[in-house]
Every structure is written in structure tokens, then in C-alpha cells.
Amino acid sequence: MPTQKDVAKRADVSVATVSRYINEKGYISPAVKERIRSAIEDLQYKPNLVARSLKMRSSNIIGLIFPDIENPFFISLIKKAEEVAQKNGYNVILCNTKNSPGKEAEYLEVLKGKQVDGYILIPSITTGSDIWKALRNEKVVFLDRAIDEGGECITVKLDNRKGVKIAIDCLAGLGHRRIGTITVPINITTGFERLEGYRAALSANNLGYDAALVRTADYTAENAYLHTQDLLAQGDRPTALLPMSGPTTVGALKAIKDAGLQIPRDISVIGFDEFEYAKLLNPPLSTIAQPAYEFGEKGIELLLRLLRGEEISPTTVILDPIFMERDSCRGI
């Protein structure tokens, strides 16, 4: 394997000059630069990036840890985050935890070994998590799911309660009194806040909370399908349904179809999270959309400020949901 010494010999320059060329430090004449570039190409020399990062104390790599590669919301968020990072000279290592705290901890160790400069993290759980302890001395921005550490973290999250209220207000305004929901686990802030928002919005519309209309699914469409089946099988089933995430919406729609029910004739539905085919369904599905690209952009922008050495006080940036009103609800 060729070394910097080999490149220097081929280009007829010193090893120090080759090092300055690779690290973009100091002046080198155009003619010498061309000789070094040609030597590197001829020898197929590959710089030792790990050694370089140790020396420069920068790898220009960001670690992005997220919970579900199949969730369209996270895919869109990651796409924008990676785009902004690369425009600013950073590469991104993606780590899919599958909502497993164990895998999350393993990936953290891997990323630390890679000498990454900073972290974007969507935690697998947010209550009882040790993740902040592991990252306390690192440059990190949390997205979507907040870690409650006494206001010590930088977080970008949705106004979850507002999103749920928009949906409940719409359904209640159409005359629905039995509004069911398929929630996500409350050991993440999104699950807790959306369920809390559901209770508050029912109360604001003079509707009582009925535990018989609530089911808690895990993070998968398959599990949401089973819970929706159970909800629809009861004698006094809901006239409207609000699944609380993208995957739970997909599972709920399949269960409604398999039960022989038609939307919105038999049941009105508002999904949480926009997805590509929502407007192509029959009927087009109303959704509470999260600004996924804005999540990715703001998260990276905050992290880049930290990496530039800016002092940023712990803060929570709250993004607004967007109501994509279509044809999946009717008045009763």
C-alpha cells in the first residue's frame, strides 16, 4: 500500500508538502499541486482518514441515529439532513436502531470509534434512557423525541398536542362523538404528548375520555392492524379513528378494509404523518403532516453551529404540524 513518502518521491517534493496538500494547509504552487495530484492518482494512494482525523481533531463525519428505516417520516428527515450536511462538507453515517436501546448503545460505541464530530439522534426511548449520560460531553442535537434532562439538551420537535387537537376539532366539528385512537408507546415523548393531546382535545370539545376507544400499538403497521381489528370488533365501535403515527395509520387502513368498512361512509379517518400515497388513496386520506424536511434542516443547522464552536444554550425548537385535509372524513 503506497504511503505519503511514496507520493512525495513520485512528485519530487517533501513529505511535509504532500501532507500540506492533503490537509489543505498553507500555500502550494499550482504546478506542485498538479504533480502531487498526478502522483496520488498514479499510485492510487488513499489517505488514512482515521489517522488524519486524530491529528486534525476533525473527521468531517456526523453520526445520525434513528429508529426506523421503513418510516417515511424518518426517510424524508434523513434525506434533508444528509443534503444539508454534505453541502457543508460533512459526510453522514446512518444507524438504524429499530427502536432498540441495545442497538442504540452499540451504534454509539461504533460512532465514537469513528471519531465522528457530532450526533443527530432520534432516541429509541425517552423515559428512563441513559443516552444523555453517554453523550453529555459530545456535540448532539435531538430530533422528534425529547430527552428530559432538566433542560440541558438541544431538541427539535413537533407540537404534538396541537397536531392532535387539529384532528379532534375537525372530527368533533363533523358531529363525531366516539373518536377512537391507535397510540404509540408512551415511553417516547411523541406517544405521551399525543395521548395527552387526545385527552385534552376531547375535553375541549365536551367529549369524555373512553378507554374502550384507545389502543396502544408498538411501532409497526402489523401490530396496529391487530389493535384496529380489536377496536372495530367491539359492539359500539368508533365512528372516527385517529392513528397516531405513519405505520399505525397504514395498519389501521388495512384493518378497516379487511373489516369490509368503507371510508368515510362507515368510519372517518385522519392519519398522523403524511406519506407519498395518501392523496392517491380512494378516498384521499386526510393527515396531520410533520414538516420532515424542516426537522432535518434545522437539526443539522444547529449541529453545524455547535461544530463551529458557537455557544448555544439548551433549547427546544417546536415545529408546527400541517393539516392536509382531503376526503376521508364526513359529517354524521
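Throughout, read-outs are computed from the coordinates displayed, never taken from laboratory work. On a predicted model such as this, the values are computed, not experimentally measured, just so you know. Counting neighbours? That spans all protein chains shown, and the Cβs are built from the backbone with ideal geometry, glycine included.
Hey, which of these cross-link pairs are over 20 Å Cα-Cα: LYS33/LYS114; LYS5/LYS33; LYS80/LYS157; LYS5/LYS25? Numbers along the way, then the final one.
On the way: LYS33/LYS114 29 Å; LYS5/LYS33 16 Å; LYS80/LYS157 16 Å; LYS5/LYS25 18 Å.
In this structure, LYS33/LYS114 exceed 20 Å between Cα atoms.
Build a GNM of the chain with springs between Cα atoms under 10 Å: which of ARG178, ARG136, ARG194 gets the top mean-square fluctuation?
ARG136
Apply 1/(1 + (r/R0)^6) to the Cβ-Cβ distance of ASN88 and THR316, taking R0 = 22 Å, and write down the FRET efficiency to the nearest 0.05.
Working: r = 23 Å, r/R0 = 1.06.
Taking R0 as 22 Å, the efficiency between ASN88 and THR316 is 0.40.
Read phi for every residue in segment 32-39 and hand back ³J(HN,Hα) as whole Hz from Karplus 6.51 cos²θ - 1.76 cosθ + 1.60, θ = phi - 60°, with x for Gly and Pro.
Karplus values, whole Hz, x for Gly and Pro: 5, 4, 5, 5, 5, 4, 5, 5.
Springs between alpha-carbon pairs under 10 angstrom, Gaussian network model over the chain: which of LEU307, LEU241, LEU253 fluctuates most?
Maximum among the listed residues: LEU307.
Which whole-number percent gives the relative contact order of the chain, counting Cα pairs below 8 Å spaced six or more residues apart?
On the way: 609 pairs, mean separation 58.0, N = 332.
Across the chain, relative contact order equals 17 percent.
Of the beta bridges DSSP finds with both residues in the chain, what % are antiparallel, to the nearest 5? Spell out each step's value before the answer.
Working: 3 of 35 bridges.
Within the chain, antiparallel bridges account for around 10 percent of the total.
Got a sec? Charge dipole of the chain, +1 on Cβ for Lys and Arg, -1 for Asp and Glu; which of LEU158, TYR27, LEU242 is way out at the positive end?
My answer, from the dipole projection, is TYR27.
Show me the three semi-axes of the equivalent ellipsoid for segment 4-47, from the C-alpha gyration tensor (sqrt of 5 times each eigenvalue), largest first, rounded to whole Å. Each step should come with its number before you reach the end.
Numbers: eigenvalues 40, 23, 18 Å².
Rounded to whole Å, the semi-axes are 14, 11, 9.
From the gyration tensor of the Cα coordinates in segment 226-332, what semi-axes in whole Å does the equivalent ellipsoid have, largest first, with each one equal to sqrt(5λ)?
One finds semi-axes of 37, 14, 11 Å for segment 226-332.
What is the Cα radius of gyration of the chain over 2.2 N^0.38 Å, N being its residue count?
Details: Rg = 25.2 Å, N = 332, 2.2 N^0.38 = 20.0 Å.
It is 1.26.
With only alpha-carbon atoms counted, please give the Rg and Dmax of segment 220-279, in Å.
10.6, 34
What distance in nm separates the simple spin-label points at LYS98 and ASN23, each placed 7 Å from Cα in the Cβ direction?
For LYS98 paired with ASN23, the spin-label model returns 4.2 nm.
Connecting C-alpha atoms closer than 10 Å in a GNM of the chain, tell me which of LEU213, LEU280, LEU231 has the biggest fluctuation.
Most flexible of the set in this elastic network: LEU280.
For GLU196 and ASP169 in one chain, what is 0.36 nm times their gap in residues minus the Cα-Cα distance, to one decimal in nm?
This chain segment gains 8.2 nm when fully extended.
With each pseudo-label sitting 7 Å past Cα toward Cβ, what's the ASP266-ARG326 distance in nm, one decimal?
2.0
Set the Förster radius R0 to 45 Å, insert the Cβ-Cβ distance between LYS79 and ASP130 as r into 1/(1 + (r/R0)^6), and round the FRET efficiency to 0.05.
Values: r = 29 Å, r/R0 = 0.65.
E between LYS79 and ASP130, to the nearest 0.05, is 0.95.
Under 20 Å from a point placed 7 Å out from the Cα of GLU294 along the Cα-to-Cβ direction: which residues of segment 78-97 have their backbone N that close?
It comes to 78-85, nothing else.
Just how far, in whole angstrom, is segment 57-134 from segment 221-283 if you go by their alpha carbon centroids?
31
Step by step: find N for segment 114-230, compute 2.2 N^0.38 Å, then divide the Cα radius of gyration by it. What's the final number? Before the final figure, lay out the partial values.
Numbers: Rg = 17.1 Å, N = 117, 2.2 N^0.38 = 13.4 Å.
Here the answer is 1.27, to two decimals.
Along its principal axes, what span do the Cα atoms of segment 160-290 show, with the longest given first and each in whole Å?
Its Cα atoms span 31, 29, 25 Å along the three principal axes.
Based on the Cβ-Cβ distance from ILE69 to ALA204, what FRET efficiency comes out when R0 is 41 Å, to the nearest 0.05? Don't jump to the answer; show the numbers that get you there.
Values: r = 37 Å, r/R0 = 0.89.
According to the calculation, E is roughly 0.65.
Is there a quick way to get the dipole size of the chain? I mean about its Cα centre, with the Cβ of Lys and Arg at +1 and of Asp and Glu at -1; what is the value in debye to the nearest 20?
On the way: 42 positive and 42 negative charges, 187 e Å.
Dipole magnitude for the chain comes out near 900 debye.
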